[in-house]
Structures are given as structure tokens and as C-alpha cells.
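Structure first, commentary second.
The values are calculated or read from the model by the stated rules, or taken from the named source; none is laboratory data. Everything numeric in this text was worked out from a predicted model, so none of it was measured. When we count neighbours, we look across all protein chains shown, and the Cβ atoms used for this are built from the backbone with ideal geometry, even at glycine. Keep in mind that these areas ignore ligands, DNA and RNA; they rest on the heavy atoms of the full protein, side chains included. Shrake-Rupley method; radii C 1.70, N 1.55, O 1.52, S 1.80 Å.
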Amino acid sequence: MGPMSDVRWFARAMAAVAVLGLTAGACGSSAEEAVDSGAESASTAPTADQVGQGRLVVGLLGEPDGYLPAKNRFTPATYMVARAVFDPLAAYDADGVARPYLAESITSDEDHLEWEIRLRPDIKFHNGEDLDAQAVKLNLEQATTGILTSGAWRPLDRLELVDDLTLRAVMKTPWAQFPIVLAG
């Protein structure tokens, strides 16, 4: 067998294992047993007093050591959870271009030495606090000083608050890729 046929064989084997795993999982308990054991079936809508009383179990390849990018290592398992929980300032569109997400706009001067991040209004954190320029500034400052993330932020000189929803990032050198970093 050549290298290409080895790859095809491996891909087919992994697909078969995945199908077997899904089939075995589907052959578990019935919906009645699931409800009797305290779990809810997909067809049972929770009552008002049950909302927030459930449990979500997710299998990961490894145990994350935390979710603070400036302090914790982000493994593939960490990224899986973080991308489900955190929203970025920018995100990639269908063409792979970083576009504003939590930000309403991300614009730069002609030389890519100054960038303004304008946040969308009326975004709240899970605790009800507003997402504002001060919160973004604090988050980015932590990234610039974190032992694991500071190297990626070397072109950044300083962050300035423009108003409640706008933050200016001033660079030491031109940084045209800044929105890509905000999407990461």
C-alpha cells in the first residue's frame, strides 16, 4: 500500500469507529429511563422551576488548566470550551477574513499604527454588566503582560479609551494583522 491508501484506510477506520460509537450510544437507555433517572429527554420541555437545574457533560481529550488566555495554556480541549463560552471582538467570515463580531467596527489609519475598536452597544456579560471599552482595555492589557500571550502583542504600544464604547490601540510599528489577533 502507498501513503495515500494508508491515509484512506485510516480515515475509513476512524469513520467506522465513530459510527459504532454513535450506534452504541443510541442503544443506551430509553427516554422513560432517562426521565426516571433525573435526566430529561429531548422531547420534554423543562418547567420554570427546572430551568438552570440541569447538568451538561462534555467529553474532552484533556483537562484544561483554566480559561484565562494570559495565564493558562490553551490546548485543543480548552479552545473547544472557550469558543462555546467566550465571544471574540472579531470573527472569521466565510472567506476567512477577520470581521467585527462583538465590535461594531475595527478601523485603522492608513499606516496601521492606530486602530479603533468600536463596540456594539447593549452587549452584557453573563452577570448583567455592560461590555464597554474599559472591560476590553483591561482584557487586552492582561494579554499584553501575560507570560503566555505577551509575545503576540509586541507591536502594541498602548491602549487609550476614546469613549464608553471605543478603544484606540496605538502600535509601535505598523500592524495590519491586528484584527486577526482579535479574532484569535
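What the table shows:
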item: Tally, over the stretch 131-176, of residues that are among the aromatic types (Phe, Trp, Tyr) and out of contact with any Pro (no Cβ under 8 Å at 6 or more places or on another chain); result: 1
item: Condition broken by Asp122, with the remaining ones in (1) under 21 Å from Tyr67 (Cβ atoms); (2) assigned to a loop (DSSP other than H, G, I, E, B); (3) free of Cβ contacts under 8 Å to residues at least 12 places away in the same chain satisfied; result: (1)
item: Residue satisfying all of: in the stretch 161-173; part of a strand (DSSP E or B), within 14 Å of Ser108 (Cβ to Cβ) and not hydrophobic (A, V, I, L, M, F, W, C); most open to solvent (accessible area, probe 1.4 Å) among these; result: Arg168
item: Boolean, Leu138 is without any contact (Cβ under 8 Å) to a residue 60 or more places away in the chain, open to solvent by 20 Å² or more (accessible area, probe 1.4 Å) and more than 27 Å from Gly62 (Cβ to Cβ); result: yes
item: Subset tally (residues that are free of Cβ contacts under 8 Å to residues at least 12 places away in the same chain and either touching an Asp or Glu at 6+ places or on another chain (Cβ under 7 Å) or surrounded by 14 or more Cβ atoms within 10 Å (Cβ to Cβ) (or both)) for the stretch 107-119; result: 1
item: Of the criteria (1) free of Cβ contacts under 8 Å to residues at least 40 places away in the same chain; (2) under 21 Å from Leu102 (Cα atoms); (3) open to solvent by 60 Å² or more (accessible area, probe 1.4 Å), which one Ala133 fails; result: (3)
